[in-house]
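Here the structure is laid out as structure tokens; the discussion comes afterwards.
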Amino acid sequence: MTSIASITLEVADPTAAEKFYATAFGLGAGLRLRASEAPTAGFRGFTLALTVSQPADVVSLVDGALAAGATSLKPVSKSLWGYGGVVQAPDGTIWKVATTAKKDTGPVTGAIDERVLLLGVADVKASKRFYVEQGLTVAKSFGGKYAEFTADAPDRFKLALYKRPGLAKDLGVTDDGSGSHRLALTGTATAFTDPDGFTWEAASLAPTQS
């Protein structure tokens, strides 16, 4: 089975980005960084989402990210589906922190229950079919609106697909953007590029910095 072994964010300053992520989210080996000056503008077409168990943990993680230098795109708030907020890291990556719970049930733990890479795609059905052909296993699918694939372990990022305009709206940004995604995925024996320009690198070529 193919799944995400690690995600590489391409950033202008890896040292500064490493400090931010260690302070804000403490994400460890599943997230890697490498230097890149590849031109990019506007929405990069993806977000990294962290699911936690209760609202207090959402607030704690978002506040920590803001204190470390992130910018708020959507303040933490309650909605019909739960509680969440959206921030943009100093390197430009957009992060969503959320929970389906509407009330706290205990003290803040800072624990992350699930990590998801959401790709904004032009055609969810076509992209889902492409990834199935690459060996990924579908865990959830809702027609042409959303698809989610299984992950090898709870501490790995799970891949999900969402219509690009809908994802941008959910994050509080416009869906126009150009240039590099500034993102690479590792977890396959061979390299490939998906229909929306997201690249997968062979595991043997994965960068060593985390």
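Below, the figures for the structure above:
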read-out: Selection from region 112-127 of residues that are part of a loop (DSSP other than H, G, I, E, B) and farther than 22 Å from residue 178 by Cβ; value: 112, 113
read-out: Which listed residue, of 97, 11, 86, 58, is among the hydrophobic types (A, V, I, L, M, F, W, C), touching a residue at least 60 places away in the same chain (Cβ under 8 Å) and within 16 Å of residue 115 (Cβ to Cβ); value: 86
read-out: Search result, residues across region 123-155 that are among the aliphatic types (A, V, I, L, M) and touching a strand residue (DSSP E or B) at 6+ places or on another chain (Cβ under 8 Å); value: 124, 132, 136, 138, 139, 147, 151
read-out: Yes/no for residue 33 being under 16 Å from residue 185 (Cα atoms) and either out of contact with any Asp or Glu (no Cβ under 8 Å at 6 or more places or on another chain) or touching a residue at least 40 places away in the same chain (Cβ under 8 Å) (or both); value: yes
read-out: Residue satisfying condition, being more than 18 Å from residue 194 (Cβ to Cβ), of a type in the set (A, V, I, L, M) and at pLDDT below 95, within set 111, 151; value: 111
read-out: Residue, farthest from residue 38 (Cα to Cα), within region 68-91, restricted to residues that are touching a Leu at 6+ places or on another chain (Cβ under 9 Å), among the small types (Gly, Ala, Ser) and surrounded by 15 or more Cβ atoms within 10 Å (Cβ to Cβ); value: 85
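The values are calculated or read from the model by the stated rules, or taken from the named source; none is laboratory data. Every value quoted in this text rests on a predicted model; they were computed, and no experiment measured them. Neighbour counts are summed over all protein chains in view; Cβ atoms, including those assigned to glycine, are modelled from backbone coordinates with ideal geometry.
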